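These notes are about the structure you will find just below.
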Amino acid sequence: MSIVRSFDLPEGFPEKVMNQAQRCGTEVTEADRAGRLDLRELTMVTIDGEDAKDLDDAVSLERDGENYCLGVHIADVSNYVQENSALDREALKRGTSVYLVDRVIPMLPHALSNGICSLNEGEDRLALSCLMTVNHKGEVVDYRIAESVIRVDRRMTYTSVAKILEKEDPEECAAYEEFVPMFRDMAYLSSVIRERRRRRGAIDFEFPESKIILDQSGHPLEIKPYERNTATKLIEDFMLLANETVAQHFYWLQTPFVYRTHDNPDPEKVHRLSLFINNFGYTMKTGQEEIHPKELQKLLDKVEGTPEEALISRLTLRSMKQAKYTTECTGHFGLASQYYCHFTSPIRRYPDLQIHRIIKEQLRGRLDEDRTAHYQQILPQVAKQSSQLERRADEAERETDKLKKTEYMEQHVGEIYEGVISGVTAWGLYVELPNTVEGLVHVSMLPGDYYYYDEAACEMRGTQTGKAYKLGEKLKVKVKFADRFYTDYRFLSCRMKKRGLTMAKEAQKLVANNKKGFFHDYFVEEKYEAGLVLHGTEVKSLRMGKCSIKEAFITVDKGEVFINGMHVSPYEKGNIFNKDPLRVRKLLMHKAEIMKLTGKVAEKGYTLMPLQVYFRDGRAKIEIGLCRGKKMYDKRQDIAKKDARRDTEREFKVKNLY
């Protein structure tokens, strides 16, 4: 709930919206069917996840000689959500449904999304159908977009269809015997469409997604990879084809429309990516101004199955711009498509709902000059707002994933896992476990040597032993800590010896801490570890605990970090180098961490705070907190409370004397 509120996500629907949703009815009437293409005799199915309740798309497929008649049928939500109604204003305000790990925040009330708008098995439903004739090359040679009335024959799941197509499971094949030939045709057509898209240069990222399983109380029980199968790819291919067909149709009609666009990558980012992949022996052709998506696709094909695949795939994705909604059709770089829109999910995306209205007005011949001018006026703001709300939803979903993963790892602190090094940075190694959880092994936690980051080779290398940690290597790690309040968890590296497993040394002796930083003054957002530069016998003073950081503060100047106001008392036997106990002392941190801190402290409301001084593995360390939101409290209240407590204690002592 804290994430819901921090992202200002809606928590419920207004009463007026709920009342309007209830009045939409539960059945399709004869008046609703009038004038629509009747497709109720056409064999069609929905294919969704087991838990899905808002079923907004159905598919049908028939053979027509050498061609295929593919139907993509989308729930006609616009029939029930009228423009500028309370339902419409609330949907525009939300922009999209938000799928958090433990809940769904829908764009529309359940009475609509799970009721009359959901394409439930055996029930008449209103739809917008994109009926396409596709040849053996995966090309759409003819199509029709129509208002329709449909009836889904069977509600299928990805799991069941995958069992039929991938394993030919006898039980599943027997249970859905009449649909098996259609599923096999669908699988073949899907592969043809996907191959055609690949040939034109569409980029397909295969990042492992997480499936987090919760108990009834919302606590994570298991985390495992969510794998795409034949059925999920099949639906994805058909939806993409329908989106492209609808976008191209309305582009040539030159009517106001909302497109889904993805601009070409920034040339500077592509150039940096090109330089980086040279370290691994890869090259790609980059022009002066722009790059063709096929070049990036070729790169991803080359790195597939290699240790550096995950890193290069992520860097490739980061070099690209974010997709957005616009009123101009400028193409979709990632899909290598000239025309693209979002047509297939009006229950959960407002742009889809918006273009359904435009499609219906055009089909009915009502898109006159006044309506065209109306859409030209409102669509730019609709596109801009929908893009912003989509970003908010994505960030909230990532935060809840991270929170639940941290909560899960809290239950496994101290346990040992074998993972794969998925990233190498100046501050440490990122290790991904088989369950998709990725954590950091800080460079200071790598045992046996002092390690530095070799940027050219993208590896962590020991200065004395020459030991190197590289991408794709397996590494045993131990869960060091997990803290759901900071949504952070860290790993420790393990190393193998002849007689079992040895951990990196963790011995830590606390010298001084800063209660002001830990308790009432600051909210600590992130923590960093730095080495402490000491002179002469200052280290002996520290070992004796003669140190205070109560009045200390951290500064960053010209790429270096310093601690000011840290008091180290002179060693009792004398210290000619410790004439000034409060001297400014330099801290040792990696360049990347310093750059990050420099950027943060430049933002309003952030400061750096020393939290504690300690020894680890014989080295003096200091923990730095990136803090924000200093609380402005009245110290006089603290003094008054102390005085009152002191008076009470004195009174108690006096009573005990007599």
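Observations
- Just one of the listed residues (Ala127, Ala111, Ala187) is of a type in the set (Gly, Ala, Ser), open to solvent by less than 10 Å² (accessible area, probe 1.4 Å) and under 34 Å from the mean Cα position of the chain (by Cα), namely Ala127.
- Hits in segment 275-304 - residues which are open to solvent by 70 Å² or more (accessible area, probe 1.4 Å) and either assigned to a loop (DSSP other than H, G, I, E, B) or among the charged types (D, E, K, R) (or both): Asn279, Thr283, Lys285, Gln288, Glu289, Glu290, His292, Lys294, Lys298, Asp301, Lys302, Glu304
- Of all residues making up segment 195-210, the number that are of a type outside the set (D, E, K, R), within 12 Å of Asp301 (Cα to Cα) and exposed (fewer than 13 other Cβ atoms within 10 Å of the Cβ): 1
- Checked against (1) open to solvent by less than 20 Å² (accessible area, probe 1.4 Å); (2) within 22 Å of the chain's Cα centre (by Cα); (3) closer than 29 Å to Leu92 by Cβ, Gly218 meets all criteria but (3).
- Condition met for Gly305 (farther than 26 Å from Glu459 by Cβ and small (Gly, Ala, Ser)): no
- Odd one out for Thr261 among (1) part of a strand (DSSP E or B); (2) without any contact (Cβ under 8 Å) to a residue 24 or more places away in the chain: (2)
- Gln354 being buried (at least 17 other Cβ atoms within 10 Å of the Cβ), in contact with a Leu (Cβ under 8 Å, 6 or more places away or on another chain) and in a helix (DSSP H, G or I): yes
- Filtering segment 471-485 to residues that are surrounded by fewer than 17 Cβ atoms within 10 Å (Cβ to Cβ) and either modelled with pLDDT of 80 or more or among the aromatic types (Phe, Trp, Tyr) (or both) leaves Gly472, Glu473, Lys474, Phe481, Phe485.
- Which listed residue, of Ser113, Ser85, is of a type outside the set (D, E, K, R), in contact with a Ser or Thr (Cβ under 9 Å, 6 or more places away or on another chain) and farther than 25 Å from Glu244 by Cβ: Ser113
- Subset of segment 350-405 that is among the acidic types (Asp, Glu) and either touching a Ser or Thr at 6+ places or on another chain (Cβ under 6 Å) or in contact (Cβ under 8 Å) with a residue 12 or more places away in the chain (or both) - its residue that is nearest to Lys224 (Cα to Cα): Asp401
- Selected residue (only one of Arg260, Arg228, Arg272 is open to solvent by 50 Å² or more (accessible area, probe 1.4 Å), under 29 Å from Ser319 (Cβ atoms) and in contact with a strand residue (DSSP E or B) (Cβ under 9 Å, 6 or more places away or on another chain)): Arg228
- Among residues that are among the acidic types (Asp, Glu) and under 29 Å from Val134 (Cα atoms), Glu227 is included.
- Answer from Glu397, Glu390 - the residue that is within 28 Å of Gln354 (Cβ to Cβ), modelled with pLDDT of 90 or more and crowded, with 20+ Cβ neighbours inside 10 Å: Glu390
- Considered as a group, the residues in segment 232-246 that are open to solvent by less than 10 Å² (accessible area, probe 1.4 Å) and touching a Ser or Thr at 6+ places or on another chain (Cβ under 8 Å) include one that is farthest from Ser60 (Cα to Cα), and that residue is Asn243.
- Taken over segment 450-470, residues that are open to solvent by less than 20 Å² (accessible area, probe 1.4 Å) and in a loop (DSSP other than H, G, I, E, B) amount to 1.
- Scan of segment 493-502 for residues that are surrounded by 15 or more Cβ atoms within 10 Å (Cβ to Cβ) and either outside any strand (DSSP E or B) or modelled with pLDDT of 75 or more (or both), ordered by number: none
- Subset of segment 44-80 (residues that are over 32 Å from the mean Cα position of the chain (by Cα) and either charged (D, E, K, R) or open to solvent by 60 Å² or more (accessible area, probe 1.4 Å) (or both)): Glu62, Arg63, Asp64, Gly65, Glu66
- Tally of residues being over 20 Å from the mean Cα position of the chain (by Cα) and open to solvent by 30 Å² or more (accessible area, probe 1.4 Å) across segment 410-443: 11
- Test result for Glu27, under 20 Å from Tyr99 (Cα atoms) and either acidic (Asp, Glu) or in contact with a Lys or Arg (Cβ under 7 Å, 6 or more places away or on another chain) (or both): no
- Only one of the numbered conditions (1) surrounded by fewer than 20 Cβ atoms within 10 Å (Cβ to Cβ); (2) in contact with a Pro (Cβ under 8 Å, 6 or more places away or on another chain) is violated by Met320, and that is (1).
- Among the residues of segment 316-353, those that are among the aliphatic types (A, V, I, L, M) and in contact with a helix residue (DSSP H, G or I) (Cβ under 6 Å, 6 or more places away or on another chain) comprise Ala336, Ile347, Leu353.
The values are calculated or read from the model by the stated rules, or taken from the named source; none is laboratory data. This is a predicted model, so every value here is computed, not measured. All Cβ positions, even for glycine, are placed from backbone atoms using ideal geometry, and neighbour counts span all protein chains on display. All accessible areas refer to the heavy atoms of the entire protein, side chains included, with ligands and DNA or RNA removed. Shrake-Rupley method; radii C 1.70, N 1.55, O 1.52, S 1.80 Å.
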